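Data first, discussion second: the structure below is written as structure tokens.
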Amino acid sequence: MSNRAIDPDGLVWTRVSPRHVTVTVLSGLAGTVFWLAVVGWPAVLAGTGIWSGAPLGWLLLPPAVVLVIGLLSVLLAPRRVRAIGYAERGEDLLVRRGLLYQRVTVIPYGRMQYVDVSVSPLQRSFGLATVKLHTAAVGSHAEIPGVEHAEASRLRERLTARGEALLAGL
């Protein structure tokens, strides 16, 4: 996971829960089924004879593309989840993600406006949450998905306290 161009030396990353892989895979499968239904109904109509004279070969192309993209998404899910991490330092929080395009976001505690913890129904069934960090700058926010409930609560309280302490010092 280490990349010298974006990783500070000696930094230890905290990984998200391995259960987040299952959440990501199930979400990807649900999305694939949805998009198959959206783009596949003309092929079903043509294949059953309801839409006679339709070019079935061409109508099968969009569902095939959706299946390939869905399969790649599911196969890459474990690696994408392993690439997510965060590290708390004295003055800021670093959030890391990305396989091909790796990205590290540095959020100074004193710039944080609020910390948001959200839980989707699927995450709730696996005991996970998403921690979202918002700053005053437009478009400057980060999120850490797949955090266990206890860790999400700890992060919310700790980051809020650090943010208030450093903001009071300004």
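The values are calculated or read from the model by the stated rules, or taken from the named source; none is laboratory data. Here the structure is a predicted model, which means the values were calculated and not measured. Neighbour counts run over all protein chains shown; Cβ positions are idealised from the backbone, glycine included. Note: accessible area is taken over every heavy atom of the protein model, side chains too, but ligands, DNA and RNA are not part of it. Shrake-Rupley method; radii C 1.70, N 1.55, O 1.52, S 1.80 Å.
When you look at residue 13, is it modelled with pLDDT under 95, more than 30 Å from residue 79 (Cα to Cα) and not charged (D, E, K, R), yes or no? Give the derivation first.
On the way: modelled with pLDDT under 95: yes; more than 30 Å from residue 79 (Cα to Cα): no; not charged (D, E, K, R): yes.
So residue 13 does not fit the description; no.
Take residue 17 and tell me if it is under 15 Å from the mean Cα position of the chain (by Cα), in a loop (DSSP other than H, G, I, E, B) and in contact (Cβ under 8 Å) with a residue 12 or more places away in the chain.
yes
Search the range 112-136 for residues that are at pLDDT 95 or above and pair each with any residue that is open to solvent by 50 Å² or more (accessible area, probe 1.4 Å) and of a type in the set (Val, Ile, Thr) when their beta-carbon atoms are under 6 Å apart and the residues are at least 6 apart or on different chains.
As it stands, the answer is 129/119, since those pairs meet every condition given.
For (1) in a loop (DSSP other than H, G, I, E, B); (2) touching a residue at least 24 places away in the same chain (Cβ under 8 Å); (3) open to solvent by less than 60 Å² (accessible area, probe 1.4 Å), each residue gets a yes or a no:
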site: 21; (1), (2), (3): no, yes, yes
site: 31; (1), (2), (3): no, yes, yes
site: 34; (1), (2), (3): no, no, no
site: 45; (1), (2), (3): no, no, yes
site: 63; (1), (2), (3): no, yes, yes
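Mind checking whether some residue in the range 3-14 is open to solvent by 50 Å² or more (accessible area, probe 1.4 Å), polar (S, T, N, Q), in a helix (DSSP H, G or I) and in contact (Cβ under 8 Å) with a residue 60 or more places away in the chain?
no
Check the range 87-94 and report whether any residue there is closer than 25 Å to residue 136 by Cα, open to solvent by 40 Å² or more (accessible area, probe 1.4 Å), part of a loop (DSSP other than H, G, I, E, B) and of a type in the set (Lys, Arg).
Checked the range 87-94: at least one residue is closer than 25 Å to residue 136 by Cα, open to solvent by 40 Å² or more (accessible area, probe 1.4 Å), part of a loop (DSSP other than H, G, I, E, B) and of a type in the set (Lys, Arg).
When you go through 38, 25 one by one, which is the residue that is open to solvent by 40 Å² or more (accessible area, probe 1.4 Å), in a helix (DSSP H, G or I), under 30 Å from residue 124 (Cβ atoms) and of a type in the set (Val, Ile, Thr)? Reasoning before the result, please.
On the way: 25 fails: open to solvent by 40 Å² or more (accessible area, probe 1.4 Å).
Only one candidate qualifies: 38.
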